[in-house]
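The values are calculated or read from the model by the stated rules, or taken from the named source; none is laboratory data. Since the model is a prediction, treat every value here as computed from it, not as a measurement. Cβ: placed from backbone, ideal geometry, glycine included. Neighbour counts: every protein chain shown. We work out accessible area using only protein heavy atoms, side chains counted, and drop any ligands, DNA or RNA first. Shrake-Rupley method; radii C 1.70, N 1.55, O 1.52, S 1.80 Å.
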Amino acid sequence: GVDLQVCTSKNPTCCTKKIEERYQTAAKQDIEQVLQTSSATLKFLISRNAAAFQETFELLIRLAENYTSTLFCNAYRNMAAEATIHVQEFFTDVGLFIFGTDISTEESVNRFFDTLFPVVYNHMINPSLTDISLEYAECLRMARRAIMPFGNIPKKAIGQMVTSLLPSRTFLQALNLGIEVINTTDHLRFSKDCSRALLRMQYCPHCQGLTLSKPCMGYCLNVIRGCLANMAEIDFHWRGYVQSLEELSSAMSGTYDIEHVLLNFHSLVNDALVQARINGPELSEQVNKVCGPPVRKPTQSPGCSFDQNKDNQGLKMFSRDSEETLANRRKEFISHLRLYRAFYGGLADQLCSNELAAADGLPCWNGEDVVRSYTHRVVGSGIKAQSANPEVKVKGTDPVISQIIDKLKHVIQV
């Protein structure tokens with residue numbers, strides 16, 4: 001073993017360069033496995049909840065669309081076929097927004113009421129056996145915001161939608177970022193210096209036939225804190241992330257409660273239609289000024305084609321008084337997540353005490369020999385503390401970690 005790079009020793013050795021290389025690979029795989037095992041429950045907690053919340057939001061959107069289409073089928077049957085198309089378009093937009101597409105909620109609500117106005121005018125304000133022409137409908141659509149046939153209801157709907165959809169969208173984005181952070185740290189690339197230190201700590205004693213000796217606690221802490229120095233930098237921002245998720249979650253009630261807002265959207269639409277009916281004569285006058293008298297074309301509106309039974313399963317699953325309300329779900333998730341606030345700060349210590357190091361008082365490996373105890377200074381966590389690390393040299397910040405910290409800062413701000 002004269003050509004050994006790391007496991008050099010004064011005593012005879014049973015390692016060759018080839019064995020040392022194989023040990024080097026094993027040391028890296030070991031640390032990766034230990035890291036992935038230690039983050040597995042946290043990762044499962046976040047990914048399971050991200051999937052569950054996404055599914056619940058999808059169900060909510062479907063039910064809200066259902067309620068609104070049912071309103072037209074039951075109370076405004078003659079315009080139901082046309083109106084339900086616009087209802088579908090609107091709730092498609094809601095879904096796109098919650099799941100991350102950059103569209104304006106305000107614009108979606110406005111567009112819904114814009115496209116609803118010609119239908120309401122045709123069937124309720126100025127009904128006839130024939131439908132208004134496409135050009136006339138377009139004029140009505142363009143004039144809706146000025147004429148305000150639905151009073152302040154669209155404005156109220158915008159207020160409710162904006163304040164409730166954004167927190168839910170942010171909540172989902174934050175959960176997905178949490179998964180990304182863990183995936184990143186699970187597959188971190190270790191520096192050459194760290195790899196050699198891991199080899200010296202875990203497998204060099206084997207070269208001297210000391211296959212049962214484990215590293216001393218202080219020695220283990222120096223090596224692992226050195227290797228995970230970059231990861232420890234996440235600690236402060238991870239704590240902030242958990243805290244801001246907690247704050248966001250507890251703020252998602254009342255006007256910010258997506259469940260309440262979506263499932264009551266149909267009653268706002270009903271209020272808007274009632275308002276338009278009451279103001280019918282005045283609206284006709286205003287429309288005549290802006291668009292002229294109605295131009296009609298001979299067609300017949302079909303009845304209601306919406307299948308009301310299709311989603312009754314969903315309704316059963318989602319009864320309002322169930323224990324499974326979103327608020328309870330979130331509360332439970334946050335209480336579990338809080339247990340992992342200090343995950344990144346305490347990771348090196350956890351790995352040494354649970355997995356890697358010898359128990360206190362037992363003879364242990366110090367990198368060169370089996371001794372009673374480790375005598376070098378033990379450094380703290382994080383990059384700054386590593387300048388005094390006797391076992392591992394740490395050079396600057398890892399760009400991958402910097403990037404993930406920037407993403408955490410951004411989501412905390414959002």
Within a Gaussian network of the chain (alpha carbon springs, distance under 10 Å), most fluctuating of F112, F57, F44: F44
For the chain, the percent of accessible surface on carbon and sulfur atoms (probe 1.4 angstrom, ligands and nucleic acids excluded) is 52
Rounded to the nearest 10 Å², what accessible area does M148 show when all protein chains are kept and the probe is 1.4 Å? 100
Ratio of Rg to Rh over segment 30-184 (Cα coordinates, Kirkwood Rh, two decimals): 1.17
Placing each pseudo-label 7 Å from Cα in the direction of the beta carbon, A51 and I85 end up separated by a distance in nanometres of 3.8
Degrees separating the helix 235-251 axis from the principal Cα axis of the chain, which is the longest one: 30
Cα Rg over Rh - segment 149-238, Kirkwood: 1.42
Accessible surface ranking that places the most exposed of I85, I61 first, with a 1.4 angstrom probe: I85, I61
Say each of N183 and A359 gets a label point 7 Å from the Cα, pointing the same way as Cα to Cβ; how far apart are those two points in nm? 4.0
0 to 90° range, to nearest 10: angle between helix 265-278 axis and the chain longest Cα axis: 20
Would you indicate which of (i) 48, 24, 20; (ii) 36, 23, 19; (iii) 67, 18, 17 is the value of semi-axes √(5λ) of the Cα gyration tensor in Å derived from the coordinates of this structure? (iii)
Round to the nearest 10 and report in Å² the accessible area of T115, as given by a 1.4 Å probe over the protein chains' heavy atoms. 20
Extension gain from Q5 to E282, taking 0.36 nm per residue of separation minus the Cα-Cα distance: 90.5 nm
State, to one decimal in nm, how far the label point of D406 lies from the label point of R329, with both points 7 Å from Cα in the Cβ direction. 3.4
Evaluate E = 1/(1 + (r/R0)^6) for K297 and D102, where r is the Cβ-Cβ distance and R0 equals 30 Å; express this FRET efficiency to the nearest 0.05. 0.20
If you line up the long axis of helix 217-227 against the longest principal axis of the chain, both from Cα atoms, how many degrees apart are they, to the nearest 10? 50
Of the trypsin sites (Lys or Arg not before Pro) in segment 349-391, which ones lie in a loop per DSSP and count no more than 16 other C-beta atoms within 10 Å? R372, R377
Flagged links, alpha-carbon separation over 32 Å, of K192/K409; K17/K43; K214/K409; K192/K214; K43/K155; K331/K393: K17/K43; K214/K409; K43/K155; K331/K393
Computed accessible area, K331, all protein chains, 1.4 angstrom probe, square angstrom: 140
Separation between Cα centres of segment 347-414 and segment 11-56, rounded to whole Å: 16
For segment 165-215, take N as its residue count and report Rg(C-alpha) divided by 2.2 N^0.38 Å. 2.05
Sorted by accessible surface (1.4 Å probe, heavy atoms of the protein chains only), largest first, L96, L221, L326 come out as L96, L221, L326
